[in-house]
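The values are calculated or read from the model by the stated rules, or taken from the named source; none is laboratory data. Just so it is clear, the structure is predicted and the values come from calculations on it, not from any experiment. Cβ: placed from backbone, ideal geometry, glycine included. Neighbour counts: every protein chain shown. Protein only, heavy atoms only, side chains kept; ligands, DNA and RNA dropped before computing areas. Shrake-Rupley method; radii C 1.70, N 1.55, O 1.52, S 1.80 Å.
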Amino acid sequence: SAIGLMNWHATDKWYAYKIPINFNIMPYFAYNLSCLITTILRGPKKCLVLDLDNTLWGGIIGDDGIKKIKIGRKDKVSKSFLNFQKFIKKLKSKGVLLAVCSKNLEKTTQDAFKKKKMPLKLSDFVAFKSNWDDKATNINKISKELNLSTDSFVFFDDNPMERDIVRKNISGISVPEIDNEPSNYIRDLAVPGYFDAL
């Protein structure tokens, strides 16, 4: 449906070489096929580890305060974060474990879930690490607490430096690349098929 039937087939290539798929969409097809094969070989991931600032809400809670973080229906950015949280809540309802790994004061971030109206609540998370330790260390602690190996984890963070550090220091963890446009966060998390089950 993303490509569309009119773009999928290349009749001339079929008549000439028996290739049913348009050359232009081969990379997209190959990527999705590799995601499917990966799901067959390793099964779905079990835990989604999330950053908070500019990942679950817009803004930096330590600087902006709870009242000024962006989530809701006021503008495009706020709506993007609201819908992303709703998407994550659906993943939880399908059995995906949720965890927080953020560089922040724990009381401040936990208060945000208590005082700000959001789809995700504090009770939705099985682990909550909000401190000034590096994220790789915190993710390893979450792994031990949940008794799950890190290869069953997906780490979602808006900061490319943090993503790179986690990738380099935790074996087997999946870290999707995101383009820092909150309206694309659902796509960035869903397309690789981390939580797809056959």
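Filter segment 48-85 for residues that are under 12 Å from residue 124 (Cβ atoms) and without any contact (Cβ under 8 Å) to a residue 60 or more places away in the chain and give the result. Please lay out each step first, then the result.
Filtering segment 48-85 down to residues under 12 Å from residue 124 (Cβ atoms) leaves 48, 50, 56, 85.
Passing the criteria: only 85.
Does segment 99-122 contain any residue that is at pLDDT below 90, of a type outside the set (Phe, Trp, Tyr) and under 14 Å from the mean Cα position of the chain (by Cα)?
No, that holds for no residue.
Is one or more of the residues making up segment 43-51 modelled with pLDDT under 90 and closer than 25 Å to residue 191 by Cβ? First the steps, then the outcome.
Our first condition is that a residue be modelled with pLDDT under 90; within segment 43-51, this holds for 43-44.
Filter once more, keeping what is closer than 25 Å to residue 191 by Cβ: 43-44.
Within segment 43-51, one or more residues are modelled with pLDDT under 90 and closer than 25 Å to residue 191 by Cβ.
When the residues of segment 127-146 are filtered to those that are open to solvent by 20 Å² or more (accessible area, probe 1.4 Å) and among the basic types (Lys, Arg), which remaining residue is nearest to residue 49 (Cα to Cα)?
By that ranking, first place goes to 129.
Looking only at helices (runs of 4 or more DSSP H) that fall completely inside segment 64-183, which ones have 2 or more residues that are closer than 28 Å to residue 38 by Cβ?
Answer list for segment 64-183: 76-93, 135-146, 160-169.
Where the second residue is charged (D, E, K, R) and surrounded by 12 or more Cβ atoms within 10 Å (Cβ to Cβ) and the first is free of Cβ contacts under 8 Å to residues at least 12 places away in the same chain and over 19 Å from residue 191 (Cα atoms) and lies in segment 1-24, which pairs have Cβ atoms under 9 Å and are six or more apart or on separate chains?
19/13; 20/13
Can you pull out every residue in segment 40-63 that is among the β-branched types (Val, Ile, Thr), outside any strand (DSSP E or B) and buried (at least 18 other Cβ atoms within 10 Å of the Cβ)?
55, 61
For segment 84-108, which residues satisfy the criterion of being open to solvent by less than 50 Å² (accessible area, probe 1.4 Å), touching an Asp or Glu at 6+ places or on another chain (Cβ under 9 Å) and more than 10 Å from residue 50 (Cβ to Cβ)?
The answer is 104, and nothing else.
Of everything in segment 18-37, what is open to solvent by 60 Å² or more (accessible area, probe 1.4 Å) and either part of a loop (DSSP other than H, G, I, E, B) or among the β-branched types (Val, Ile, Thr) (or both)? Give them in sequence order.
Correct list: 18, 20, 37.
With the requirement that a residue be aliphatic (A, V, I, L, M) and assigned to a helix (DSSP H, G or I), what does segment 2-17 give you?
5, 6, 16
If you go through segment 184-198 one residue at a time, how many are among the β-branched types (Val, Ile, Thr) and part of a helix (DSSP H, G or I)?
Residues of segment 184-198 among the β-branched types (Val, Ile, Thr): 186, 191.
Applying the additional criterion that residues be part of a helix (DSSP H, G or I) yields 186.
Count: 1.
Return only the number of the condition from (1) closer than 20 Å to residue 187 by Cβ; (2) at pLDDT 95 or above that residue 78 does not satisfy.
(2)
I need the full set of residues from segment 147-198 which are touching a residue at least 24 places away in the same chain (Cβ under 8 Å), open to solvent by 50 Å² or more (accessible area, probe 1.4 Å) and small (Gly, Ala, Ser), in order please.
Listed by number, the residues that qualify are 183, 197.
What are the pairs with Cβ atoms under 6 angstrom where one residue, in segment 109-126, is among the hydrophobic types (A, V, I, L, M, F, W, C) and the other, located anywhere, is assigned to a loop (DSSP other than H, G, I, E, B) and at pLDDT 90 or above? Sequence gap at least six, or different chains.
Sorted first by the residue in segment 109-126, then by its partner, the pairs are 113/121; 118/71.
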